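What follows is a short report on a single structure.
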Amino acid sequence: MQAMEINRITSYDGFKDYKNYLGNVQKEEQATRILVGMGTCGIAAGAEEVHKAILDEIDKRNLKDIEITKTGCVGLCAKEPVIEIKQGDTSVLYGDVTPDRARELVNESIIEGNIIKEWEIGEDDSFFASQTRIVLENCGKIDPESLEEAVINNAYEGLAKAVSKMGQQEVIDELKDSKLRGRGGAGFPTGIKWQFAYDNDSDKKYVICNADEGDPGAFMDRSVLEGDPHKLLEGMAICGYAIGADEGYIYCRAEYPLAIKRLKKAINDAEELGLLGENILGSGFDFNISLRLGAGAFVCGEETALIASIEGQRGEPRPKPPFPAQSGLNGKPTIINNVETLSNVSDIISKGADWFTGFGTEDSPGTKVFALAGKIKNNGLVEIPMGTKLGEIIFDIGGGLENNGTFKAAQTGGPSGGCIPIEYLNVPIDYESLQELGTIMGSGGLIVMDEQTCMIDLAKYFVDFCKDESCGKCTPCRIGTTRMLEVLERISNGEGTLQDLDLLEEMGEVIQDSAFCGLGQTAPNPVMSTLRYFREEYEEHILDNYCEASRCASMFDSPCQNACPANVDVPLYIDFIRQGKYKQAYKVIQKENPLALICGRVCYNLCEGACNRNSIDEALAIRELKRFASDYVMKNEGGFPVPEVKEEKNKKVAVVGSGPSGLTTAFYLRKKGYDVTIFEALPVVGGMLAVGIPEYRLPKDLLNEEITVLTTMGVEIIVDTKVGEDITLKELKEQGFEALYMGVGAHQDRELNIEGKELDGVYSGVDILRDINLGKDLNMKNKKVAIVGGGNVAIDVARNMVRLGAEEVNVVYRRTLDDMPAHREEIEEAQYEQVKMNCLVNPVKIKGNNGQVQAIECVEIEGGEFDTSGRRKPKEIPGSNFTMEADVVVSAIGQNVECNFNCQEVEVEVNDSNLIETDEQLQTNLDWIFAGGDCVKGPSTVIESIKDGKDAAREIDMYLGGDGNIITEMDIERELSGPILEEEKPRVKMPTILLSERKRGFKEVEKGYSEDMAVEESRRCLRCDVEIK
Amino acid sequence: MAEEKIKLYIDNIPVEVNKGETILKAAEKAGKYIPTLCYLEDINELGACRVCVVELKDSDQIVASCTTPAQEDMQVKTNSKKVRDTRKMNMEFLLSDHDVNCTSCIRNEDCELREVAEFMGIRDIRFTGEKNHREVDKSTPSIMRDPDKCILCRRCVSVCENIQSVKAIVPDGRGFETTVNPSFYDELGDSPCVYCGQCSTVCPTGAITEVEYTEEVWDAIFDTDKHVVVQTAPAVRVGLAEAFNAEPGTIVTGQMVAALKKLGFDKVFDTNFTADLTIMEEGTELIERINNGGTLPLFTSCSPGWIKFLEHQYPEAIDHLSSCKSPQQMFGAVAKSYYAEKNNIDKEDLVVVSIMPCTAKKFEATRDEMSEDVDYSLTTRELGRMIKQAGLDIMNLEKEKHDELLGVSSGAADIFGATGGVMEAALRTAYEILTGEELKKIDFDQVRGLKGLKEASVMINDMEIKVAVAHGLGNARIILDKMKNGEEYHFVEFMACPGGCIGGGGQPLAASENVLERRMNAIYDIDRKKKLRKSHENPYIQKIYEEYFEEPGSHKAHKLLHTTYQSRGI
């Protein structure tokens, strides 16, 4: 906008005239306008280059009447640089703008008038739609360096009203009525604070704005200072007027140069116009604002320390009382509020307290700005009404977790706050609710954490921060935080004891109770809250020396191995592949996992989730490499190596079930020299591997290759023999079996309990998979199939149906696609195979005709409250029923274990969920019977079942007098065989068969790596095992 | 106006205090002991150590009693479980970063940290983590710092900054690494520290102490080739008893002399003698300056801490300083000349030891300008230790008198030990010399007492002599700044320590205002009871002028009894 010549405004009417004048000028000037977000964050993301590209392109195209405006930040950091193009009444926001894209936008959008949809950030995106912007209203929308533009957008309206039309007490009353509470942390009512300062008679009073934003991950104040500085200045001036102060300070951290520059300009502009300085708007009220730069001491965010710092003293807190409102800067009554608090004031005065209390909750009206950071998709600044649920912020506004991670906890309040675990996603964000959970609102940092966050590591980080930032004045903060950190480090180094947890708690209480200021009093919060919600994780570190998140480096060699339930030494075998020593590679796997070929095909690779390569480009293709090594050895090296059986022990062990768990137990016990017999109820060996997992993922003939290793070692497998029917536990005991491992799978479907379930054409998922695997001919040609459920069985059934020729395959699932428990890759493959995912839909009735299924009636679902798994509870939308045609309905809503092995007098104890009860040693109520896998935990993954099988072998060995050492260590030097590749290099893609081929039959979808591909991929390994050591 | 009263309950004991007074004060009134470490009344009320915490019954809140004002109807618990647990853990925190070598610590006997730990029944320190370690600062001849024993109570910092206005030591660094350091310097010896030792008297531990020379003095005593004489400063006789748990203000002159003799000193003389001598020289200097238009006002030069302060902070005012050596140094000079010659003692075999209430005297004895006068300067505290080491029960010793020749003194010399005393002694003499008349009212009450600044004017002949007295360097700074703003005086007495030498940095610890008053009263008591109360009337002073110096300000007097100063900068 054109700046106009204007003298100081000296009256309320003058201000109104000026504003009207600006409004008229703006109407006349309605031109195309490009707003470039140039907060510090935008600039860091490349906004300056974008800005230049736009200018150049406009110049090159010789375009006229286009205004380019640098604005503050709109808050969507994840998509910076962000620009907004306004033409007439339309306005489009674009994210991730590069200089190239900017040039194209000038051409496409401005010259051609088209919107480039794929770069657009819709205003109705839940990121914006779920926010309510009061403080951030103008951020990213106006030129922060233009006072005129600020005035058009209501700046100084409140101040003009206050000084011209309201008395001091009236302003304070308005603030009190608004129930505005301090946004800096503790939430003290602002109006009451102002009243104290007003009531304290003094020749001099001050207003201080605390802009010493120091929480790690918090940057909301910076955004306001950079994006809308006049809002803050106005708030301060109103405060000054209300309490009778004529001088204000903004204590801003020196690390915010852009904010400082814009503040300085804003102060100058406002002074020139008579909105600050002497005799504001002719009211007789004087108010001058100056800046003070803080050198970055966190403790200077504490109000008395901040005052000491402004006075030129060492930044240390002083005793309260006296409170600053009584005796603050230079011993005079002083109001300290933070940026966000003061930025709410102008609207409260201009629009009234009633307007303000229309937002938020009864006790905490208004909004709160949060800096969303951590493992979240839409990281950035968001402003939400108080009372918004935590889950809504994370999932609706934040878009959920980055990389489809699982939410573990959120930290609010920065180092002074605490964490909120998944069980509390429904907590409304307000001061009291957060306090109840043991955390605080703080200035609004919100750090989202996924399963890869170790809570001990987190506590360590924050305590370390506070320890470093302690001013050193009081004992508990100075020494106590150091001692806390030392205990945490001890635990994280595997040297902790359970007494340490009590000590931590005791220290935490003493520091909270007796530290001098807020910094110290809150420093233990991260420890206390992680102890409160994640005590088991602490215990796991102490008792099992295990850090699930792979953060505590002394507890593992590499994160992939640490994540693997079977403890496979991943980097070592990857390195053998790199060296072309495939048999060695297989042996390394086989040492910990006898089913390498199988896991190379069906494992859900927790290892890859933990892979450090994720932070560079993408995880190493660990599963694919495992498969390659297995396939290569099988085909080219004369089959799999057969481990040597130790000296025969002449002791008999029975294994019930030939699934992954049973096979593993049998493998390790046989290796130790036991006589092992596996009893399998089905006619085929492999349990769920054989009858659950589809052929196109795991060809059956390959399955037998690894089972042959066991039989070669001397394991006896008896099929078609159901324990409990064909032979009883008692009989097995009598036959001389000294121990027995129960490794039964979950082969029974949970019943779909709705009308019509008895109709022809209604199947159970597990049954149908078994039938298909056992070779039953099911013809689905031209049929419409509906599958109910979102787990792996549902997806397996769906993909089988595609291969059986179904005309249409619908998966019906009551939650969202992201909530599906099935594995991501499987869902994606199914979608590729044209399976339709009908999410947020629940079946209510199966309709039939002449006893035959005809359709399925469903109801639409909306997400209700969050449940303890972090997903929204399905809530039916009344009257939204609709019918979906279906000839076949398959129920796949969960599995159960058949427990009919219990007969005669030998009874294994079973719990309410029909699962076997064991102790930590996997021992059942009968000392000679051990159990693991599905029948203890419910449906588990292959690798988890293998882990249980291993653990059982260890326990059974010890039960029978052995040492429990079932792993034969290999003598391998852990060293690098080649350079580590730290630059980006894409993962070698697994080749798959075409869609047409998939529809024709059950051929294995993945084709496997070639030798070249495998070696190339193996070179991507970062060898964390060597580096960490 | 009557102060507003507040009634509250300490462990259910009702107690009334003035509005604004702290819970700690209230507890004191209620007779309940609350342990403190950082607290120093009126000087250091920071709430840093957190061992004085108490619990408020209504809110279960833990607060520091030393900084929390009492409130009406407050219910305070000083010995609840929460209070005990909190205090104990904070104490464990402190001890976990403390060099706990108590057996070899100079403060072994009177360590407040140890006392508080015992009060709390600390039997185990549950933390074995990192300890700060820093080198002991032995850079000065007067005081040394052992940062590993520092508990960061900040008493020293407050005294140095607020009382002395020197700011030689400040809190430095952050968090666990926080330390108290000479500001901007590595060592105290490089800093503008004046060695007054006030920090050492308030330190609750052995972190700041005097540099000890007792072993060297024992060696000299046991060396049969050496003739060892000792001088005792006026303030020592009213402070020493406190080192033996006697009431402050107990006068032990005779017992002290007896003890010194039993320790094996060959002669026990009195610094008071040279105090009288100082009056002769300084009085003459004053008269000369007044008569001959010399630099005025004249500043006294008895207090070495004060001199060093001036040399650092106001070097431009050095000309105002009297050129007279302090009594300690005059004694050394006289002993090694007059006394040695008179008794045919080889100067090389003569060892002069002084017992001073002062740590800066150690430095003074090493000053280049006069380093031969005194060999060892010990503090009152060190003498106390030597007496204990000798197994003497000082309080029950038969009193003895100082040896003659350098041991007889006037009451004017005794009052050198209290603020205003030098001024009063000088006035007694100057008046009589200038007027030739006998002074009727010998007590100059205007310059007595613990008021920080005292000003008076005295008519001598028809001339109004304006004088001022300052004790504590903060007050000295006020006078110097007043002078910069045009205030005129003839004569100003400066003492580095609050109360003068009776409150010196070498005196037994913990001198509250009440203690200072009692020591001061004792000093004036000694003066009042003496027949000889004016320096110029001391027969041995007259004798030394007759036999040796001829007259005050003579060439010989100048050579032995006067000195020069140096600008030191900050």
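Couple of notes before you dig in:
- Taking only protein heavy atoms and a 1.4 Å probe, the accessible area of segment A:705-793 is 40% carbon and sulfur.
- Using θ = phi - 60° in the Karplus curve 6.51 cos²θ - 1.76 cosθ + 1.60, the 3J(HN,Hα) couplings for segment A:196-210 round to 4, 5, 5, 5, 7, 5, 6, 6, 9, 9, 10, 10, 10, 9, 7 Hz; x is entered for Gly and Pro.
- Over chain B, Cα pairs under 8 Å with separation of 6+ residues give a relative contact order of 15 percent.
- Loss of accessible area when B meets A, both sides summed, Å² nearest 100, probe 1.4 Å: 2700 Å²
- On a per residue basis, the protein assembly as shown carries 38 Å² of accessible surface, using protein heavy atoms and a 1.4 Å probe.
- Summarising the overall dimensions of segment A:1-117 from its C-alpha atoms, the Rg and Dmax are 16.4, 49 angstrom.
- With Cα atoms, 0 to 90° folded angle of helix B:253-263 axis to chain B main axis: 90 degrees
- For chain A: relative contact order, % (alpha-carbon pairs under 8 angstrom, 6 or more apart): 8 percent
- Bins of 5 Å from zero: percent of alpha-carbon pairs in segment A:356-404: 6, 23, 28, 18, 13, 8, 3, 1
- From phi via Karplus (6.51, -1.76, 1.60), per-residue ³J(HN,Hα) for segment A:638-651 in Hz, x at Gly/Pro: x, x, 7, x, 9, x, 6, 8, 5, 2, 4, 9, 6, 10
- Whether segment A:353-462 is rounded, prolate or oblate, judged on the alpha carbon gyration tensor where a/c under 1.5 counts as rounded: prolate
- Counted by Cβ distance under 13 Å from A:Met386, the other residues give a net charge of -2, where Lys and Arg count +1 and Asp and Glu count -1.
- Other protein chain C-beta atoms within 10 Å of residue C-beta, averaged over A:485-495: 1.
- Other protein chain Cβ atoms within 10 Å, averaged over every residue that makes up A:864-870: 0
- For segment B:1-131: relative contact order, % (alpha-carbon pairs under 8 angstrom, 6 or more apart): 24 percent
- Peptide B:48-55 - average C-beta neighbours from other chains (10 Å radius): 4
- B:Thr103-B:Asn79 FRET efficiency (beta carbon distance; Förster radius 30 Å; 0.05 resolution): 0.45
- Charge tally for B:Val515 (other residues, Cβ to Cβ under 10 Å; Lys, Arg +1; Asp, Glu -1): -2.
- Accessible area of segment B:308-396 belonging to carbon and sulfur atoms, whole % at 1.4 Å probe: 41 percent
- Rg ratio for segment B:133-211: its Cα radius of gyration over 2.2 N^0.38 Å, N being its residue count, equals 0.95.
- Placing unit charges on the Cβ atoms of the charged side chains and taking the dipole of the protein assembly as shown about its Cα centre, the candidate lying farthest along the positive direction among A:Gly639, A:Asn567, A:Asn378 is A:Asn378.
- Listed residue (A:Tyr959, A:Met990, A:Gly863) projecting farthest to the positive dipole end of segment A:853-1007, Cβ model: A:Met990
- Segment B:1-73 shape via C-alpha gyration tensor axes, a/c threshold 1.5: oblate
- Summing Lys and Arg as +1 and Asp and Glu as -1 over all other residues whose Cβ lies under 10 Å from the Cβ of A:Ile718 gives a net charge of -4.
- Ordering of A:450-462, A:318-330 by burial proxy (mean other Cβ atoms within 10 Å per residue, highest first): A:450-462, A:318-330
- Between 0 and 90°, nearest 10: helix B:81-96 axis offset from chain B longest Cα axis: 50 degrees
- Loop-located GluC sites (Glu not before Pro) in segment A:922-1014 whose Cβ has at most 14 other Cβ within 10 Å (DSSP): A:Glu969, A:Glu973, A:Glu975, A:Glu982, A:Glu983, A:Glu984
- Between 0 and 90 degrees, the angle of helix A:481-492 with respect to the longest Cα principal axis of chain A falls at about 20 degrees.
- Take the Cβ atoms of B:Lys401 and B:Asp368, set R0 to 35 Å, and the FRET efficiency comes out at 0.45.
- Helix-only CD estimate at 222 nm, as mean residue ellipticity for chain B, using -39500 (n - 2.57) per DSSP H run (n ≥ 4): -9000 deg cm²/dmol
- Efficiency of FRET from Cβ geometry, B:Asp462 and B:Leu56, R₀ 56 Å, rounded to 0.05: 0.25
- Shape call, segment B:1-131: gyration tensor on alpha carbons, a/c limit 1.5: prolate
- Backbone amide hydrogens, once placed in the peptide plane, bring A:Gly360 within less than 5 Å of A:Gly366, A:Met386, excluding anything fewer than 5 places away on its chain.
- Computed over all pairs of different Cα atoms, the Kirkwood value for the hydrodynamic radius of segment B:214-561 is 20.0 Å.
- Neighbour cut-off at most 13 other Cβ (10 Å), DSSP loop, chymotrypsin sites (Phe, Trp or Tyr not before Pro), segment B:174-244: B:Phe184
- Gain on full stretching of the segment that runs from A:Gln834 to A:Glu505 - 0.36 nm per residue minus C-alpha separation: 113.0 nm
- In chain A, one over the average inverse separation of all distinct C-alpha pairs is 32.6 Å, which is the Kirkwood hydrodynamic radius.
- Within chain A, helix-based [θ] at 222 nm, where runs of 4 or more DSSP H residues each add -39,500 (n - 2.57), nearest 500: -11000 deg cm²/dmol
The values are calculated or read from the model by the stated rules, or taken from the named source; none is laboratory data. Quantities reported herein were computed from a predicted structural model and do not represent experimental measurements. Cβ atoms come from the backbone with ideal geometry, glycine included; neighbour counts cover every protein chain shown. Side chains are part of the model used for accessible areas, which takes the heavy atoms of the whole protein and leaves out ligands, DNA and RNA. Shrake-Rupley method; radii C 1.70, N 1.55, O 1.52, S 1.80 Å.
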